[in-house]
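Shown next, in structure tokens, is the structure this report addresses.
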Amino acid sequence: MLRILLATSALALTTACATTELEPIDPAAFVAATPVEDRADYPVEIVETAVALPLPGQMMPIGARVTTNPDGSVTRTYTRTVSAPSVSPAEAIRQGRTSALIEPSVDGYVNAIQVYPYTEGALYRLYASPGQVSDIALQPGEELVSVSAGDTVRWVVGDTISGSGATARAHVLVKPISSGIRTNLMIATDRRTYHLELESTEGGYMAALSWRYPADELAGLTARNERAIARDAGSIERGLTLEGLNFDYRLSGDSPDWKPVRVFDDGRQVFIQMPEDIATTDMPPLFVLGADGDAELVNYRVRGNYYVVDRLFRAAELRLGERNQTVVRISRNERRPPLAAIFGG
């Protein structure tokens, strides 16, 4: 009698750990899942606008004259009109210098520092005053190569460095000895060249000026986006923990090259891991059957080599082809309570 009880207990424990086979499912009961685009939330979106670049000699007017010859043939004569310069070279230089000159503005001030947007080839105005030093601060980490001034007799020009290491910053200091004088200044560094127009006045002076660098900011944003893309490509979902994953899924049917490697869920979504080279083959569409046995329309998205289904399902099928379909069925194993395994139900 004791042996019978032990055998019955062992059978109950073995049956309790066994999984329940799903009943055969009619393939027509499956409904095609809807793939949706996975839009990653990157830090910034960079939009570049096209800028027309005028070049000398573009869009020259061309005139055409058609002449009918006595033999009936047609002769076309093209005449190109080249307009003469409308201004003298001196006037062209003056206009070019004026259009390139950037003056200080109220909106450009940060405390006592006038911050200009750096553009290659622009001329930046600096107003100085006798007895006052104006500070030209360069970009942190930028190394000063040379400083050249047009008038070194009536303008005192020097340089210094603030900070140390990666935060070291070069400064160029200018001071006029009298008012009503002008000159230009060229600063060469290991990164760029600055051109400044210096003017001495009695009424006021600029204590300091510096620049912001849109090209560098754009490069930084682009690099940050690339890091975000690489980070997202290496993960299928944020917040997944190994303790909360359920891998109790079974694969059946055909065994094509694109057969899933594994299937698991986190209690909310189902993740179907496909082979690494799935991108080089046709990706099969997904058909699902709901938890209550009814066909359901669900959304899923492709993230790397994963199918991410937005909800749990009882069974699903990956199908490829029309007549002779290749079908791989994904079934979720359902565990029964120990008493149900012994007595049924």
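The values are calculated or read from the model by the stated rules, or taken from the named source; none is laboratory data. No experiment lies behind these values; they were computed from the predicted model shown. Reconstructed Cβ throughout: ideal geometry from the backbone, glycine too, with neighbour counts over all protein chains shown. Note: areas computed on protein heavy atoms with side chains; ligands, DNA, RNA excluded. Shrake-Rupley method; radii C 1.70, N 1.55, O 1.52, S 1.80 Å.
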Residues with amide H under 5 Å of Ile102's amide H, sequence separation 5 or more or different chain, H placed in the peptide plane at 1.01 Å from N; which?
-> Leu123, Tyr124, Arg125
In the neighbourhood of Gly158 defined by beta carbon distances under 12 Å, the net charge of the other residues (Lys, Arg +1; Asp, Glu -1) is -1
Residues meeting the amide H criterion for Gln114 (H placed from the backbone, H to H distance under 5 Å, 5 or more places apart or on another chain) are Ala208, Leu209, Ser210
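Where Rh is the Kirkwood radius over the Cα pairs of region 247-330, the temperature 4 °C and the viscosity 1.567 mPa s, what D in µm²/s does Stokes-Einstein return?
Working: Rh = 13.0 Å.
In µm²/s, the coefficient rounds to 99.
If you roll a 1.4 angstrom probe over the protein chains with everything in place, what fraction of the accessible area of region 119-158 belongs to carbon and sulfur, to the nearest %? Please report the intermediate quantities before stating the final value.
Numbers: 920 of 1890 Å².
In region 119-158, the share of accessible area belonging to carbon and sulfur is 49 percent.
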Take the solvent-accessible surface of the protein heavy atoms, probe 1.4 Å, and return the percent of it on region 247-330 that carbon and sulfur atoms account for.
-> 43 percent
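For region 247-330, what does the accessible surface come to per residue with a 1.4 Å probe? Please give it in Å².
On the way: 4140 Å² over 84 residues.
Dividing the accessible area of region 247-330 by its residue count gives 49 Å².
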